[in-house]
1. Could you work out how much longer the chain between E176 and A259 gets when fully extended? Use 0.36 nm per residue separation minus the Cα distance between them, nm to one decimal.
2. Consider a paramagnetic label point 7 Å from the Cα of T122 along Cα→Cβ; state which residues of the range 150-181 have an amide N under 17 Å from it.
3. When the Karplus curve 6.51 cos²θ - 1.76 cosθ + 1.60 is applied with θ = phi - 60°, which whole-Hz ³J(HN,Hα) does each residue of the range 203-208 get, with x for Gly and Pro?
4. Within the range 34-63, find all residues whose amide N lies under 20 Å from a label point positioned 7 Å from the Cα of S155 along Cα-to-beta-carbon.
5. Which residues in the range 69-87 have a backbone N closer than 18 Å to a point placed 7 Å from the Cα of T204 along the Cα-to-Cβ line?
6. Pull out the extension gain between H268 and R39, defined as 0.36 nm times the separation in residues minus the alpha carbon to alpha carbon distance; nm, one decimal.
Amino acid sequence: MDAFCKGLYYSCMSPRDIIPAFNLFGETGEFPDIVHCERIVDRAGLHDWEISPHRHGRMAQIFVMERGHAQMRLDGETCEIADNQTVYIPPNVVHGFRFAKGSHGWVLSFPVQVVHGMRPVTQELKRSQGRWAKVSYTPMQRNLIEALVQAFAASGPYRAQRLIAMSQAALATVFEDAAHQIKSRQTAGPQMQRLDDLLARHATDGWRAGEYAGALGITSGHLNRLCRAETGQSASRVIENAVMTEACRLLAFTQLPVAEVGFGLKFHDPAHFSRRFRIVQGETPSSYRARFLHRFAGPASS
């Protein structure tokens, strides 16, 4: 494992740490503007061109690499971004980067209100909003993003409206370009979108179907029928999948012992956590962590 992979795997971690969650990387204050635009060098250059694994609970991002290269880790997957490529990262996806020094491009950050405010709402839009994707940086993207950056630097009574409109146009263009790459994610209707939001906030709280149903203002039976109609799975299985996705993130991006990962997800018996993880993921928590670490140990590009 090279120095970057070790640093990316172990940085910001201790046995009691959780995955850092920021508005902007390294900042814990309120989101600074309607949207945020900055050059890659403005943030990566402050951190020796390496950004340790973190996530944004209420923010999506677009990374544009105009010239350069970066190795990326996205929820346990490895990908590289090079000249004239764009990556969309939705909320809650754990991501870390190693940029080649001197890489040139943009980081565009959008609060979820801007992303989820896109209209009209369609199934394809919801799927695109929820999955990361890498696409070519097309001339249309370039025109929209350059206009967005100019609007971000400007002032005026309609600045906010312009930023929102341009951001949504840029997002729609990236989503359209990525549509053939994005795998379907079943989220339909306002109640399913609200359930997704609740799952993101309460996956570590041990909530069961009745508590999610109560928060949605519906019965447990109604929630179960809704989940089966949209995903083909029961509400309990949908909830368990969300919990195990969080378990995968904690196993991959922290040094917490397996038992503590289970305790943090409200499993009081480590053996029970390991059994449920194996049923859902097809391998034990220790095997998952070892496989992820082995993937990190692969050769890194310069």
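Values quoted throughout were computed directly from the atomic coordinates according to the rules given, and no laboratory measurement underlies them. Predicted model only: the values in this text are computed from it and were never measured. Neighbour counts run over all protein chains shown; Cβ positions are idealised from the backbone, glycine included.
1. Details: separation 83, 0.36 × 83 = 29.88 nm, distance 4.23 nm.
The E176-A259 span can extend by a further 25.7 nm.
2. 168-181
3. Running phi through 6.51 cos²θ - 1.76 cosθ + 1.60 with θ = phi - 60° gives 4, 9, 9, x, 5, 10 Hz.
4. Label zone hits: 34-38.
5. 75-76
6. Working: separation 229, 0.36 × 229 = 82.44 nm, distance 4.55 nm.
Stretched out fully, the H268 to R39 stretch lengthens by 77.9 nm.
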